[in-house]
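The values are calculated or read from the model by the stated rules, or taken from the named source; none is laboratory data. Computed from a predicted structure; not experimentally measured. Cβ placement follows ideal geometry from the backbone for every residue including glycine, while neighbour counts extend to all protein chains displayed. Just the protein is used for accessible areas: all its heavy atoms, side chains included, with ligands, DNA and RNA removed. Shrake-Rupley method; radii C 1.70, N 1.55, O 1.52, S 1.80 Å.
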Protein chains: 2
Amino acid sequence: MKDEIAILAEDREHGASELARRSLALLANRAQTSPATSCGGLITELNLIANRLRQTRPSMAPVQNLVGRWQSLLVCLPQEEVASLRPKIVALAQQLQDQSQQAVTAIARQTAALVGRSATVMTHSLSSTVVASFKILKEQGVNAVVTESRPLQEGYRLARQLSAWGIATTLITDAQMGLFVGKAKAIVVGADTLLNDGSVINKAGTLLLALAARRQNIPFYVASETFKRVSASPAQAHLEEKGPEELALEPQPGITLRNIYFDITPPDLISAYITEQGVYRQASELPFFTI
Amino acid sequence: MKDEIAILAEDREHGASELARRSLALLANRAQTSPATSCGGLITELNLIANRLRQTRPSMAPVQNLVGRWQSLLVCLPQEEVASLRPKIVALAQQLQDQSQQAVTAIARQTAALVGRSATVMTHSLSSTVVASFKILKEQGVNAVVTESRPLQEGYRLARQLSAWGIATTLITDAQMGLFVGKAKAIVVGADTLLNDGSVINKAGTLLLALAARRQNIPFYVASETFKRVSASPAQAHLEEKGPEELALEPQPGITLRNIYFDITPPDLISAYITEQGVYRQASELPFFTI
């Protein structure tokens, strides 16, 4: 169990929503295998694990929100026999995992409807919600403009996926954003976290793309599940800094290499939020995911 | 002679002003060694070489303007004996080379005065005028924030120079511009070309830095000699595209790699132009270099 939590704590491959689903799967598995002999004992043990999972990824809103929702529903389950409680807990976790997957599909459909046919769509970084949108958009004959997204080149990974689907894809350096934004019908980015005022935490460079899009009057859409939203303000937000070795630049005395991985895009630069609950043009209308 | 012109045509190491000075040195050398026996013959030959030099680097305004100025002054020289004409032509080339160097020094002094002491100065790409400014600024205890400037990492070369001078230098990816611009007291960039309306052609990403600076009310200065100015409008400007291999990303079928090397920053985003003729807050006041 400790090993499995450690794996989720160190995972750099998957997005926050995927890790929330994996956390729920881990909890469901423990509900089935726990040696607990009473309903109270089982629920206490699972809550402890759930809290540990949330502590290991404090900056991942979906882990907080989906696991938190699961915990709040756990106490409402009828506590009769531990043997009959186990499958109900598993079903609850499965239901939230499904809900999370359906949210992505709902967002992808709405994004495709907003963007329309034969459009050029530009994005930055690699968002699973944006990937799901492109999976529908490829049937609509879109082209893609993808930024490299230094340092880890998530954009190059996305470009390979899109081109494998037959989407004509242009890959540019992050610095060329201002040159290409005007060729797009719309910009669609994902979000790591939505803040209380509607600001968006996403891979560094997202703010620059939003500024360039506003300058040229290109719609800038954020495709994000509402369970990525937290009650923190931009001033309270912690922007993770990662190791300078990711920059692949030779260190040199006197040079400080910085690798802040995320930046914050303020709501006035966002044309609309595409969520599983609907499309919101105003940050003030954007709902919280209620636990 | 053809070889020397070819070297200047293919030079990727030096900025436009440096290449203009090298062109003048080459012309001065030819003025001394040409087998021409008459003043008219010598001037005709030199004009042909000057035209060829200008044709090889059509997008480099300093080559056009400084070599053009030299040509226009050439015809005013007293044409008596070819032996006495030669040193006058050499002196004319030397005078323009000196004038070009003095322009850089004048700009660097004004930049240092504008920026003041103990400031954090942010820049993008590698400009010899900005380097000259930092040479003065290092005595004023400044810090530097330097962007990587993909694809060729000119910013990394600059950071090494600045740190070797003892300037505390922070190096960031281009995508982090929005995160660091607010830490700077001023942004100072060079220019490849100034357009008729005061727009600036510089390394791709300059526009994004200007947008981020405006967003956070940080002064955005362009340090540039007036002989980088041309009469072309932004619509007429040609932005050089370079080979995709510079991106160091593995090519993939279906992915088009683009490497447009320059972008255009419009005058409304520029707080001031720092030139050898003075500091201009309005693009409309910015003088042309008169040939």
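Side notes on the structure shown:
- Single condition B:T226 does not satisfy, out of (1) open to solvent by 10 Å² or more (accessible area, probe 1.4 Å); (2) of a type outside the set (D, E, K, R); (3) more than 10 Å from chain A (Cβ to nearest Cβ): (1)
- Of all residues in the range B:195-215, none are within 14 Å of chain A (Cβ to nearest Cβ), open to solvent by 40 Å² or more (accessible area, probe 1.4 Å) and modelled with pLDDT under 95.
- The range A:164-178, residues that are touching a helix residue (DSSP H, G or I) at 6+ places or on another chain (Cβ under 8 Å) and either facing chain B (nearest Cβ under 7 Å) or open to solvent by 10 Å² or more (accessible area, probe 1.4 Å) (or both): A:W165, A:G166, A:T169, A:T170, A:L171, A:I172, A:T173, A:D174, A:A175, A:M177, A:G178
- For the range A:176-184, the criterion of a residue being touching a Lys or Arg at 6+ places or on another chain (Cβ under 9 Å), over 22 Å from B:P253 (Cα atoms) and touching a residue at least 40 places away in the same chain (Cβ under 8 Å) is satisfied by at least one position.
- Cross-chain or 6+ apart pairs with Cβ under 7 Å, the range A:39-59 first and in contact (Cβ under 8 Å) with a residue 40 or more places away in the chain, then polar (S, T, N, Q) and surrounded by fewer than 17 Cβ atoms within 10 Å (Cβ to Cβ): A:C39/A:Q79
- Residue selected from the range B:259-291 under the condition among the hydroxyl-bearing types (S, T, Y) and touching a Ser or Thr at 6+ places or on another chain (Cβ under 7 Å), by the criterion nearest to the other protein chains (Cβ to nearest Cβ): B:T265
- Qualifying residue in the range B:39-57 (condition: farther than 27 Å from B:T193 by Cβ, of a type in the set (V, I, T) and open to solvent by 30 Å² or more (accessible area, probe 1.4 Å)): yes
- Filter result for A:A237 (open to solvent by 10 Å² or more (accessible area, probe 1.4 Å), of a type outside the set (D, E), over 21 Å from A:Q277 (Cβ atoms) and within 10 Å of chain B (Cβ to nearest Cβ)): no
- Here A:T33 fulfils each of the conditions (1) modelled with pLDDT of 95 or more; (2) of a type in the set (S, T, N, Q); (3) crowded, with 16+ Cβ neighbours inside 10 Å apart from (3).
- Looking only at the range B:148-163, residues that are open to solvent by 10 Å² or more (accessible area, probe 1.4 Å), at negative phi and more than 7 Å from chain A (Cβ to nearest Cβ) come to 4 in all.
- Subset of the range A:242-258 (residues that are outside any loop (DSSP other than H, G, I, E, B), open to solvent by 30 Å² or more (accessible area, probe 1.4 Å) and within 8 Å of chain B (Cβ to nearest Cβ)): A:T256
- Some residue of the range B:7-25 being surrounded by fewer than 21 Cβ atoms within 10 Å (Cβ to Cβ) and touching a His at 6+ places or on another chain (Cβ under 8 Å): yes
Residues are listed down the side, and each one gets a yes or a no for (1) among the polar types (S, T, N, Q); (2) within 18 Å of the chain's Cα centre (by Cα):
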| residue | (1), (2) |
| --- | --- |
| B:F134 | no, yes |
| B:E154 | no, yes |
| B:L158 | no, yes |
| B:T173 | yes, no |
| B:V181 | no, no |
| B:K185 | no, no |
| B:N202 | yes, yes |
| B:P219 | no, no |
| B:T226 | yes, yes |
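- Number of positions in the range A:99-112 that are open to solvent by 30 Å² or more (accessible area, probe 1.4 Å), touching a helix residue (DSSP H, G or I) at 6+ places or on another chain (Cβ under 9 Å) and of a type outside the set (S, T, Y): 4
- The residues on offer are A:G278, A:G243, and the sole one that is of a type in the set (G, A, S) and under 30 Å from B:L249 (Cα atoms) is A:G243.
- Checklist (1) modelled with pLDDT of 95 or more; (2) surrounded by 23 or more Cβ atoms within 10 Å (Cβ to Cβ); (3) under 16 Å from A:A272 (Cα atoms) applied to A:K185, failing item: (2)
- Sub-9 Å Cβ pairs linking a first residue in the range B:6-35 that is in a loop (DSSP other than H, G, I, E, B) to a second residue that is open to solvent by less than 10 Å² (accessible area, probe 1.4 Å), at least 6 apart or interchain, are B:D11/B:L19; B:G15/B:P62; B:G15/B:T129; B:G15/B:G190; B:S34/B:L42; B:S34/B:L46, ordered by first then second residue.
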